[in-house]
Structure formats: structure tokens, C-alpha cells
1. Counting only residues that are more than 15 Å from the ligand (Cβ to nearest atom) and part of a helix (DSSP H, G or I), which one in the range 259-277 is nearest to Gly212 (Cα to Cα)?
2. Do we have Met254 as within 16 Å of the ligand (Cβ to nearest atom) and either of a type outside the set (A, V, I, L, M) or closer than 23 Å to Val174 by Cα (or both) here?
3. Among the residues of the range 172-217, which ones are open to solvent by less than 10 Å² (accessible area, probe 1.4 Å), away from the ligand (no atom under 16 Å from the Cβ) and either closer than 14 Å to Leu230 by Cα or part of a strand (DSSP E or B) (or both)?
4. Considering only the range 19-40, state which residues are of a type in the set (Val, Ile, Thr) and touching a Ser or Thr at 6+ places or on another chain (Cβ under 7 Å).
5. Being assigned to a loop (DSSP other than H, G, I, E, B) and either without any contact (Cβ under 8 Å) to a residue 12 or more places away in the chain or buried (at least 22 other Cβ atoms within 10 Å of the Cβ) (or both) is the filter here; which residues of the range 97-133 pass it?
6. How do the pairs read when you match residues in the range 280-303 that are free of Cβ contacts under 8 Å to residues at least 24 places away in the same chain and within 16 Å of Gly212 (Cα to Cα) with residues anywhere that are within 12 Å of the ligand (Cβ to nearest atom) and of a type outside the set (Val, Ile, Thr), using Cβ under 7 Å and keeping only pairs 6 or more apart or on different chains?
7. Which residue pairs have Cβ atoms under 7 Å apart, sit 6 or more places apart or on different chains, and have a first residue in the range 256-274 that is open to solvent by less than 40 Å² (accessible area, probe 1.4 Å) and a second that is of a type in the set (Phe, Trp, Tyr)?
8. Please enumerate the residues belonging to the range 86-96 that are aliphatic (A, V, I, L, M) and open to solvent by 10 Å² or more (accessible area, probe 1.4 Å).
Amino acid sequence: MKILVLNCGSSSLKYQLIDMKDETVITKGTYERIGMNNSFITVKQDGEKIRIEHPVKNHEKALKFVFEDILMGKEYGKVKSLSEIDAIGHRIVHGGEKFKEAVLITDEVIEKIKEVIPLAPLHNPAALLGIEACRSVVPDMKMAAIFDTAFHQTMPKENYMYPLPYEFYEKYQVRKYGFHGTSHRYVSGRVAEIMGKDIKDLKIVTCHLGQGASISAIKDGKSINTSMGLTPLGGIGMCARSGDLDPSVVTYLMDTLNVSTEDINNILNKQSGVLGISGVSADFRDVEAEKDNGNERAILAINMHNRIVAEYIARYMVSLQGLDVIVFTAGIGENQIRIRKGICDELKFLGIEIDDEKNSIKGEEIEISSPNSKVKVFVIPTDEEIMIARDTLNLIK
Ligand code: ADP
């Protein structure tokens, strides 16, 4: 059984072909700058990274190239015919309240994904481009939709409502949805496996710290709270996103700067967070380097980041009524040793303790807490693609 996982952005298309027999990645690649003159694809397979310049007008042409010239092509081919691929799993960012789990894609599902576009105006249209491209290039292929929001649909109402007039929820679906659900689900399941415990017996906080970052509280194997909100802008301050603010900051800035919603969205999504505070970069590696040079704003940016993550962990101890294990994942969670240490040091008073030697590892599954720590701490590299492939396989079985 082979499943193709697709993740489409407005000008990009990422794919992974996974052999479900042993859950290995046969080949993967990323098409970038779709619709521009200089589009290219990077293919990673057999330990090699190949870059092919091949301008394409749209996602359909990109996907056609991926199927015909890469996956089934003479030079790079990994399958002889389409029949070797059993299904395609699409990553969809926003499922609103309409999708509580992964589903097979039908006309009705596509309509429902369209209805959620106002909640994810950048992300859902891109995913729909991918679905439409597949319908045109491989019309007979079974397809599934896997939503970033679905895992968080188990949150109790008191954790997902905003204290706004109730009718805004009823009329406009304004509530907290949460994102990175596939990642939180993967690492929480994996940590239970590694610990040799039933996930239902664990109170877990998962910290997905990448460009986008969110913290989740998981009890009985279900998400009961998460930091992102109506959109992936909410929660903790991130690489370049502001996270939660006093809402008056937004209206005050719009009035003072006399800017449009588009401009303020741009400021909050692309010029804020660690980038905004440090003025250095949205990449933690650069900000850490500047911190070492004594740059005060870089130091402030990192201290603010670590403080808010630690505060969320402590806050979710209330939602969970306890805490057994913390998991760090994604680019920063997997690789930034000093960030993990900084966050856990803020939680020392709770008896949470890191073993510095174990914490010196990057990008591997490892327990980094010391034997005395009251809460276990793990690093678990996330694997959203394998979850998407598993969900897709379950649906077509
Ligand atoms: P995305 O959310 O776009 O998938 P990532 O999860 O890759 O992003 O997170 C990007 C962040 O992770 C960067 O700010 C960078 O600091 C950090 N990061 C990624 N890889 C490494 C690495 N090998 N070493 C240190 N930091 C890394």
C-alpha cells in the first residue's frame, strides 16, 4: 500500500510518497514558486537532493509534472503506474466545526471546505487548488482530507469560547479552533508509546515550536486546550507572529497608523514575535547568536518567548489538573537546546528538571528530564505526514 501525502500552499506543493508496509518515505519533494517564472522542484530520494528548474503556471501543471516526470518518470520514477498509489491524503489547515476527523473527499466535502474559507482565507483556497489539481490530473484516485483543527474539536466549550457576545459564535463561528492538530496528536501518541503507557493514563502538554507555534493540553488522548485561536495568529508570540495581545492594541494601532486590516494583519503575522522584538531575524538561530553578542533586544525576545511558553505549560496544568509529561517538537522544539532549557528552567519551582547532557541532542526522540524530575520531558520529532497517511489508509480500508 502506498499513500501520497500532499500539502499545498498558495505557490507551493509539498508531497511525500509513503510505503505503508513499513511506513517509510519512498520519495518526497517540494515545488516552489508555482505560477512564477522561476518555479522549481526539489526532490529528495535515495539520500540525494535533486533540484529541477521547471516553470509551471499553476498547481495543476505542477502536479502533472510531479506525477508524470518525477513519480512515474524515466529518470526519477518510483512507481510504474498510477495503480501503485492507493490514495492521496491532503493536509487542510481549517476544518472549522464541520470536520471533527479526517474524511474521504467528495463534492460535499469540497463545498464544506469552501464554506470555511472566511476563517482561513490564505490556507484553505491553496488546499482546494491541490484537490482540484488532483481531480484533473488523477481523476480516479481516492482522496482524503486531514484537518489541522480536527484534533482540537474535543476541547470543552469553556476552553474554546471567547468572552464575546454569544451570537458572534452562533452567527460567525467566532471561537478558538486550534491548529497543528496532526502534530500534537502524533507526538502525544508517540510519547505514550515510548513510555509504554496507555495515553488515557497520561496528562500531557505538547509544545509545537516552529515558525508557527502552539501548546496543547492532552488528557485521555484528547486535546482539551490549545493556545492558537480562531486563526494560527493566536496564543504565544512566535518567530514573526504576535500571538495574543490586548485586543485594543490592534484597534489603537489601526487608528494611530491609519492602516487597513490587510496592513495590520501583515504587521501581526510577519513583523512581530521574536523578529519584531529582536529586530534581528525570525530565525531563532540568528537571534540566539545575537543574544551571545550581548544584543539586549535579542535577549529580551528570547526571554519573552521562554516565559510565555512556560506560562502556558503551567496554565495547562489547571486544564489537566496535573501534568505527567511535556513534549517538545518542530524546528525549535526539536533543535534549539537552549530554548528547551530556558523554558524548563522557568518551571524548576514545580520540580521540573532537565538533564543537560541528554538535552544536548538535536532532532532525536529522547527523554531529556533528569531522573528526579517530577514531570517527564521528551523531545519527539514530529511527523505530520505519517499521521495523514495513516488516516488516509484507515479511510480507504
Ligand atoms: P515551520 O513551522 O515552517 O515548519 P520549523 O518547524 O522548521 O518551521 O521551525 C523553524 C524554526 O526552527 C527556525 O526559527 C529555526 O530557528 C528552528 N530550526 C529549524 N531547524 C533547526 C536546526 N537544525 N537547528 C536549530 N534550529 C533550527
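1. Leu268
2. So Met254 does not fit the description; no.
3. Selection gives Arg175, Tyr177, Ile204, Val205, Ala217.
4. Matches in the range 19-40: Thr30, Ile34.
5. Filtering the range 97-133 for residues assigned to a loop (DSSP other than H, G, I, E, B) gives 97-102, 105-106, 116, 120-122.
Hits for the range 97-133 are Ala102, Ile105, Thr106, Val116, Ala120, Pro121.
6. Ser281/Leu275
7. Going by the 7 Å Cβ cut-off, the qualifying pairs are Val274/Phe284.
8. The one that is aliphatic (A, V, I, L, M) and open to solvent by 10 Å² or more (accessible area, probe 1.4 Å): Val93.
The values are calculated or read from the model by the stated rules, or taken from the named source; none is laboratory data. Keep in mind the model is a prediction, meaning the values are calculated, not measured. Cβ sites come from the backbone with ideal geometry, for glycine too, and all protein chains shown count toward neighbours. To get the accessible areas, we keep the full protein, side chains included, count just its heavy atoms, and leave off ligands, DNA and RNA. Shrake-Rupley method; radii C 1.70, N 1.55, O 1.52, S 1.80 Å.
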